[in-house]
Amino acid sequence: MSAPTSELATGAQETPARLSTTDRFLPVWIIAAMALGLLLGRFVPGLDQALEAVKVGSVSLPIAVGLLVMMYPVLAKVRYDETHRVLADRRLLVTSLVINWVLAPAFMFVLAWVFLADLPEYRTGLIIVGLARCIAMVLIWNDLACGDREAAAVLVAINSVFQVVAFGALGWFYLQLLPSWLGLPTTSAEFSVWSITVSVLIFLGLPLVAGFLTRTLGERRLGRDGYEARVLPRIGPWALYGLLFTIVILFALQGDSIASEPLDVARIALPLLVYFAVVFTASLLIGRALRMGYPRATTLAFTAAGNNFELAIAVAIATFGVTSGQALAGVVGPLVEVPALVALVYASLWARQHLFPEPAAPDERAAPTGGARR
């Protein structure tokens, strides 16, 4: 874990001796943040209601602050003048679109019916989670795994556009049309395009603009080398602080619900674990088969496996209510996703040594991106 965590926190080279205490024990801090959030939500009366009440529209303000703090340093690291190389990679773009908007939602639909056929509320919530493609926390996991930052920024931006355009139509297809074709019970649900747009603008638009301006103005004043040597090490640690803060808030919001319904949480968690493992592994192997190289194959895998749990929870609450089974299914998403994707960071670093021994492609050697420049 030394390579990704050292860069996230300090921007230093891959030298274990130079890792901070926070870096060396990253999984411990994440587990501690989850436990702290659960304990706060369970034993501090009214905390979840107080946190839930602090909103801007349908967006939880504490969660928004945590995600913005988490994403800004990562997006300030992106070399935006190199994103044209990603846009020229049609294999990556087409493969990402197919996995994210065709294969992954279909797979989640199958898992929901296989594992939760007798629990329609949880089943619907799980399908909604599958439709909400990741545009936020995936940047952290990709960075930790030494993925291609420029590719991640481009794929996340594309996902955000498709999120606004396709989410409602896919919800209708997977909750009403496809079940009716298969002779299964249907679910009526209406999705607000405005709430989806607001989610995209807040969770991606704001940190993307801030990161772009920081990079552009910083390089103009200090030069690229000066910016990456002087600015990035100062703002880098805030990504991890924002991640831990977000985890605490998320789990505090639902600590009581999770603790009071452990069997239901386990029922929802099982298909999610299968989903993360299968989608990530399949996407990584597809990237390898298409000879994308480790950085972009890893980015493809993380952007495919991650989900926009903020949007899924907001949609479930707005459509079915805060105490609904659909909302609980959305909340279980990050409960499973955070430790699962931390484990997949380790798995991807193992895969870099064992599945991607070939040298970087010519374009990656000429203009290193993501993990190649670490």
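Quick note: the coordinates plus some simple rules give every number you see, no bench work behind them. Computed from a predicted model, the values in this text were never measured in an experiment. Positions of Cβ are backbone-derived with ideal geometry, glycine not excepted, and every protein chain shown enters the neighbour counts.
Data for the structure
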read-out	value
Estimated dipole of segment 197-327 in Debye, rounded to 20 [Cβ of Lys and Arg +1, of Asp and Glu -1, Cα centre]	740
Solution diffusion estimate, µm²/s, Stokes-Einstein, the chain, Kirkwood Rh from C-alpha pairs, 4 °C, viscosity 1.567 mPa s	62
Stokes-Einstein D for segment 214-322, Kirkwood Rh over Cα pairs, 37 °C, 0.692 mPa s (µm²/s)	185
Largest-first principal axis extents of the Cα set of segment 40-144 (Å)	52, 38, 27
Over the chain, relative contact order from alpha-carbon pairs under 8 Å, at least 6 apart, %	32
D_trans [Stokes-Einstein, Kirkwood Rh over alpha-carbon pairs] for segment 183-260, 4 °C, 1.567 mPa s, µm² s⁻¹	79
